[in-house]
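A short write-up of the structure that comes next.
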Amino acid sequence: MDSATTDFGYQQVPLQEKTKLVDRVFSSVAKKYDLMNDLMSLGIHRLWKKIAIQHCAIKPGQVILDLAGGTGDLTAAFAKQLAGHGSVILADINAEMLRAGKLKLIDQGQIATIEFMQANAECLPFADYSFDCVAIGFGLRNVTQKDLALREMFRVLKPGGRLVILEFSKPTHNQLQTVYDLYSFKVLPFLGKLVANDANSYQYLAESIRMHPDQELLKTMLQTAGFENCDYQNLTGGICAIHKGFKF
């Protein structure tokens, strides 16, 4: 692959164009994002997020970054665990997703300890050693330069801090992979067209999952970025995985 190009789903696009293309996808799906998550995963994404939140081990008084936080599911849980002591920054590169998250959290009355910031994971606008925990849920696969973003996450963590990544991954059984592929490339675009009037964006989302590093490769990428004690937990047969690493 030419160094000046990267994947956008199954396409190869100029490196500088991917962020714009991804931004267009999420601007299109933002208003229906939560509904589509429930429909696409049959609600299982809520269980996956609950497990990821447990891995974050949030304590009152901490400062948390929910990166690519979108509509704020993880942020809401973190704010509850902080119990008014500490803060959460919900950061997302896409203005429409950030707006949807802010409106939802305002409706829930949960913004006392929450800040909102539009930010690119590859160049985070935070000082070194700012956060006790960085969490990124279903966002890393959309980042253009994942290695650069992981180094940025490492930079902004405090010593002793942890990174928790919740992301789609590679099923561990061939039969499950076959069923998953059928669902991803037939059902998801159909649901996207029916509910969000946007089949193409959900076709991209299915393709982006296939192009994302598998469990072992992502673990290696965390280690290369400087994280220690790196490990992962497969969920639902590897359809989803939680990766965790620490900064010492």
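The values are calculated or read from the model by the stated rules, or taken from the named source; none is laboratory data. All figures in this text were calculated on a predicted structure; none of them were measured in a lab. In this analysis, Cβ positions are derived from the backbone assuming ideal geometry, glycine residues included, and neighbour counts consider all displayed protein chains. For the accessible areas, the whole protein counts, side chains as well, though only heavy atoms, and no ligand, DNA or RNA atoms are used. Shrake-Rupley method; radii C 1.70, N 1.55, O 1.52, S 1.80 Å.
Structure data summary
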quantity: Among the listed pairs Lys31/Lys104; Lys32/Lys104; Lys31/Lys102; Lys20/Lys219, those beyond 22 Å (Cα-Cα); calculated: Lys20/Lys219
quantity: Estimated Rh, region 67-143: Kirkwood, alpha-carbon pairs, angstrom; calculated: 12.6 Å
quantity: Dipole magnitude (debye, nearest 20) for the chain, charges at Cβ of Lys, Arg, Asp, Glu; calculated: 440 debye
quantity: Per-selection Kirkwood Rh - region 1-56 (Cα, Å, 1 d.p.); calculated: 13.7 Å
quantity: Where labels lie 7 Å past Cα in the beta-carbon direction, separation of Asp107 and Gln54 in nm; calculated: 2.8 nm
quantity: Positive dipole terminus of the chain, leading residue within Gly86, Phe138, Leu222 (C-beta point charges); calculated: Gly86
quantity: Length added when fully stretched, Met117-Leu194, from 0.36 nm per residue minus Cα-Cα; calculated: 24.6 nm
quantity: Convex hull (Cα only) mean projected area of region 96-248, reported in nm² to one decimal; calculated: 10.2 nm²
quantity: Percent carbon-and-sulfur accessible area, the chain, ignoring ligands, DNA and RNA, probe 1.4 Å; calculated: 55 percent
quantity: Cα convex hull of region 1-130, projected area averaged across orientations, nm²; calculated: 9.3 nm²
quantity: Reachable lysines from Lys59, criterion Cα separation under 20 angstrom, eight or more residues apart if same chain; calculated: Lys49, Lys50, Lys80, Lys158, Lys244, Lys247
quantity: Nonlocal amide H pairs with Ser169, under 5 Å, H built at 1.01 Å; calculated: Cys240, Ala241
quantity: Partner aspartates and glutamates for Lys193 [C-alpha distance under 13 Å; skip if fewer than 8 residues away on the same chain]; calculated: none
quantity: Calculated Rg and Dmax of region 175-248 using C-alpha coordinates, Å; calculated: 15.5, 48
quantity: Approximate spin-label separation Lys80-Lys31, in nm, with each point projected 7 Å along Cα-to-Cβ; calculated: 2.9 nm
quantity: Per-residue SASA entry for Thr6, accessible area with 1.4 Å probe, Å² rounded to 10; calculated: 10 Å²
quantity: Virtual spin-label span in nm between Tyr183 and Asp147, 7 Å along Cα→Cβ; calculated: 3.3 nm
quantity: Three-way shape call for region 31-85 based on the alpha-carbon gyration tensor, with the a/c threshold at 1.5; calculated: prolate
